[in-house]
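Here's the structure we're looking at; comments come further down.
What follows is calculated from the coordinates using simple rules that are stated; it is not laboratory data. These numbers come from a predicted model, not from an experiment. Using ideal geometry, Cβ is built from the backbone for each residue, glycine included, and neighbour counts are taken over all protein chains shown.
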Amino acid sequence: DAGVTQSPTHLIKTRGQQVTLRCSPISGHKSVSWYQQVLGQGPQFIFQYYEKEERGRGNFPDRFSARQFPNYSSELNVNALLLGDSALYLCASSLAGQGSLKKLFFGSGTQLSVL
Amino acid sequence: EDKVVQSPLSLVVHEGDTVTLNCSYEVTNFRSLLWYKQEKKAPTFLFMLTSSGIEKKSGRLSSILDKKELSSILNITATQTGDSAIYLCAVVPRTRSTLGRLYFGRGTQLTVWP
């Protein structure tokens, strides 16, 4: 079975541009979460989606948005990119949803560089 | 504010050594604590701990949770070069408003020399 897959693996953008990152969860997993990991830091929670609805949002500006599709894949969009958005963006999927324990399976991430 | 603190941030050892990694947390309504290993990009799951005092073991790795002290340790015995990685600790809160959120520490960078 395939794990969590993310695309693209690497991306270079300039300030002010917009970017879309994609994630396909493990088959059968209905929950997808997005995390931002800046070099030298632990992952920071951005969003969680379950059954196509936003179920949690971290402390990120409105420039960050996401959605989940009927096949449970997900996209993360970031508008008006800033240099500080340069980071590894991790997607994680789980069987768990509301009220369940959170064992997450992570993809290999998208490395975003903003110049 | 909820937070997770790991120590040490960096550790260099020789093959065969035993290491202990620490994680302490201040999280409202604790539910569980997870350990991940991050070698290149994708963190891979090691352990989930929910009950205090119960040791989880997998080969040379073991972990235990102390709810009274709000902490956990991850032990690695007879280290190998393949154990070189960042070890992340994450805490799951129970509160509905933070549903789906894991609070991660900064991680411990472990380097094992041959």
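Just tell me how shielded B:35-46 is by partners: mean number of partner chain Cβ atoms within 10 Å of each residue's Cβ, no decimals.
Values: counts 0, 4, 0, 7, 0, 2, 11, 12, 12, 3, 5, 0.
Mean shielding by partner chains, rounded to a whole number: 5.
Legend: calculated FRET efficiency, A:SER113 to B:SER52, from the Cβ-Cβ distance at R0 = 35 Å, rounded to 0.05, equals 0.25.
Over all distinct Cα-Cα pairs of chain B, the Kirkwood formula returns a hydrodynamic radius of 14.2 Å. For region A:55-74, backbone nitrogen atoms closer than 17 Å to the point 7 Å from A:GLN18 Cα along Cα-to-C-beta are found at A:61-68. The order of B:ASP83, B:ASP17, going from fewest to most other C-beta atoms within 10 Å of their C-beta, is B:ASP17, B:ASP83.
Using Cα pairs under 8 angstrom and six or more residues apart, how large is the relative contact order of chain A, in percent?
Details: 296 pairs, mean separation 41.9, N = 115.
Rounded, it is 36 percent for chain A.
Other protein chain C-beta atoms within 10 Å of residue C-beta, averaged over A:43-53: 3. As a rough guide to protection, the peptides A:20-26, B:25-31 ranked by mean Cβ packing within 10 Å, highest first, stand as A:20-26, B:25-31.
Quick one: in region A:5-97, what % of C-alpha pairs are over 23 Å apart? Don't skip to the end; give the middle numbers.
Details: 800 of 4278 pairs.
So the pairs more than 23 Å apart make up 19 percent of the total in region A:5-97.
Please arrange B:LEU34, B:LEU21 by counting, for each residue, the other beta carbons lying within 10 Å of its beta carbon, fewest first. Write out the running numbers ahead of the final one.
Details: B:LEU34 25, B:LEU21 22.
If I rank by nearby Cβ atoms, fewest first, I get B:LEU21, B:LEU34.
Any chance you could check the Cα centroid distance between region A:1-24 and region B:1-72 for me, in angstrom? Each part reduced to its Cα centre gives a spacing of 29 Å.
So which of B:LYS3/B:LYS57; A:LYS103/B:LYS41; A:LYS30/B:LYS57; B:LYS40/B:LYS68; A:LYS52/B:LYS3; A:LYS52/A:LYS103 end up more than 24 Å apart, counting from Cα to Cα?
Numbers: B:LYS3/B:LYS57 26 Å; A:LYS103/B:LYS41 18 Å; A:LYS30/B:LYS57 29 Å; B:LYS40/B:LYS68 34 Å; A:LYS52/B:LYS3 29 Å; A:LYS52/A:LYS103 19 Å.
From the list (B:LYS3/B:LYS57; A:LYS103/B:LYS41; A:LYS30/B:LYS57; B:LYS40/B:LYS68; A:LYS52/B:LYS3; A:LYS52/A:LYS103), the Cα-Cα distance tops 24 Å for B:LYS3/B:LYS57; A:LYS30/B:LYS57; B:LYS40/B:LYS68; A:LYS52/B:LYS3.
Mean partner shielding of peptide A:103-111, defined as the number of other chain Cβ atoms within 10 Å of each residue Cβ, is 4. So what does log10 I(q)/I(0) come out to for the protein assembly as shown at q = 0.07, 0.11, 0.15 Å⁻¹, using the Debye formula with one equal point on every Cα and no solvent? Per q value, in the given order, log10 I(q)/I(0) is -0.22, -0.55, -1.00. For chain A, set up a GNM with springs between Cα atoms under 10 Å and report which of A:GLY84, A:GLY40, A:GLY56 has the largest fluctuation. Most flexible of the set in this elastic network: A:GLY40.
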